[in-house]
1. If the requirement is being surrounded by fewer than 20 Cβ atoms within 10 Å (Cβ to Cβ), over 18 Å from the mean Cα position of the chain (by Cα) and not assigned by TED's automatic domain parsing to the domain that holds Leu176, which of these qualifies: Glu367, Glu333?
2. Got a number for residues in the range 268-286 being more than 17 Å from the chain's Cα centre (by Cα) and either surrounded by fewer than 18 Cβ atoms within 10 Å (Cβ to Cβ) or touching a residue at least 24 places away in the same chain (Cβ under 8 Å) (or both)?
3. Considering Gly387, Gly307, which residue is over 17 Å from His204 (Cβ atoms) and either assigned to a strand (DSSP E or B) or modelled with pLDDT under 95 (or both)?
4. So is Glu191 assigned by TED's automatic domain parsing to the domain that holds Trp315 and surrounded by fewer than 22 Cβ atoms within 10 Å (Cβ to Cβ) or not?
5. Which condition breaks for Glu229 when tested against (1) in a loop (DSSP other than H, G, I, E, B); (2) buried (at least 16 other Cβ atoms within 10 Å of the Cβ)?
6. So if I check each of Ala235, Ala193, which one is more than 16 Å from the chain's Cα centre (by Cα), in a helix (DSSP H, G or I) and over 23 Å from Ala375 (Cβ atoms)?
7. If a residue must be surrounded by 23 or more Cβ atoms within 10 Å (Cβ to Cβ) and either touching a Lys or Arg at 6+ places or on another chain (Cβ under 9 Å) or not in a helix (DSSP H, G or I) (or both), how many such residues does the range 50-91 contain?
8. Within the group Asp292, Asp247, which residue is charged (D, E, K, R), outside the structural domain of Trp369 (by TED's automatic domain parsing) and over 23 Å from Lys91 (Cβ atoms)?
Amino acid sequence: MERADVLIVGGGIVGLATAERATRRWPGVRVIVLEKEARVAAHQTGHNSGVIHSGLYYKPGSLKARNCRRGKRMLEEFCREERLPFELCGKVVIATDESEVPRLEKLHERGRANGVDCERISLERLKELEPHVVGVAALHVPETGIVDYPAVCVRLVELVVRRGGAVTTNARVTALRREASATVVVTSQGEFAARVVVNCAGLHSDRIARLDRGERPARIVPFRGEYWELAPEAAHLCKHLIYPVPDPSFPFLGVHYTRMIKGGVECGPNAVLALAREGYTWRDVDLADLWDTLSYPAFWKLAAKHGRTGSMEVWRSLSKRAFTRSLQKLIPEVREEHLRPAHAGVRAQALAPDGALVDDFLIEKGERWLSVCNAPSPAATSSLSIGETLVDELAEFLA
């Protein structure tokens, strides 16, 4: 049986950032990361759009707001230290009609309350930044950026291993048990004993939490976001990042344009129920995962509340023409023939028993146990800050 001081379940960016922060703070502490896939960053981290979020959208004082602002600074510093490419290309948020202007103004107020560098700009200034965009009002956020998150994860692994830690892949967690001075985690790669376990399992974080406490504080419901990429001849239509004004009742930011650090422009995502927790297409169906969602009464409360919006998202998923029309609200010159199929991602969204989508990060603490129960976007941006927060909590277990 392999032994560790800190055992982290999940080799996405939050788990790896936590490992890196722990090995940085405590050089003599043995840290092991368990990842069920053959490589790290295989799911949420490796399928997102690569945006470094500014903290514009989140309720002031919330864990998302605080960790996004601090995490953004930490991520940029980390990339500079490790010579990883990133770019603060900036973004514009567009009100496409007058009904969206009050929401844009509230977004501006929220951004300023969070310390974000953002400003309302004239339509003339908007045309200078994005000549092909149409709208009635706009917000400019120059500090928003882009990065390659899988590349960040590769570097985090290198640092953890260099400091004496380990990352074990193909290690699916199947059970855990308590012993007098340790928690034993049973995996497909054998058993691991640790003084403290940190659950950063993303799409399966609720299931890992249940292994420890016998219940789930909230259930993960997977939502798939599908992307298209602009063909090279249309890529000039987007200079920065271009977002619509989000619907405040829905935790998704709407279809937008994202420049990528490796070149090209992505368009999306939509938000549809995934039929498997790792279901990247409509063909990916896991009956156990699907039953886990459909048997949860809170899901039907959510469906009743957002049924119309959900139906529109499904239609946009099935119809390229409908997806194109959404994009044309921001850039009318985009045509169906400009869109090339790109990747999809699955968002691990926690759903509370009352049917409310858990809006903030959710971190729970137990006996020899820390659990990140909800960490959707902007978790990648916030990862080093979340990791630092978890390491602060770990101190009492390791004293």
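1. Checking each option against the conditions leaves just Glu333.
2. Of the residues in the range 268-286, 7 are more than 17 Å from the chain's Cα centre (by Cα) and either surrounded by fewer than 18 Cβ atoms within 10 Å (Cβ to Cβ) or touching a residue at least 24 places away in the same chain (Cβ under 8 Å) (or both).
3. Exactly one residue qualifies, and that residue is Gly307.
4. Here the answer is no, as Glu191 does not meet what is asked.
5. Exception for Glu229: condition (1).
6. Of the residues listed, the single one that is more than 16 Å from the chain's Cα centre (by Cα), in a helix (DSSP H, G or I) and over 23 Å from Ala375 (Cβ atoms) is Ala235.
7. Counting residues in the range 50-91 that are surrounded by 23 or more Cβ atoms within 10 Å (Cβ to Cβ) and either touching a Lys or Arg at 6+ places or on another chain (Cβ under 9 Å) or not in a helix (DSSP H, G or I) (or both) gives 9.
8. The match here is Asp292.
The values are calculated or read from the model by the stated rules, or taken from the named source; none is laboratory data. All values derive from a computational prediction rather than experimental measurement. Quick reminder, even Gly has a Cβ in these numbers, built from the backbone with ideal geometry, and neighbours come from all protein chains shown.
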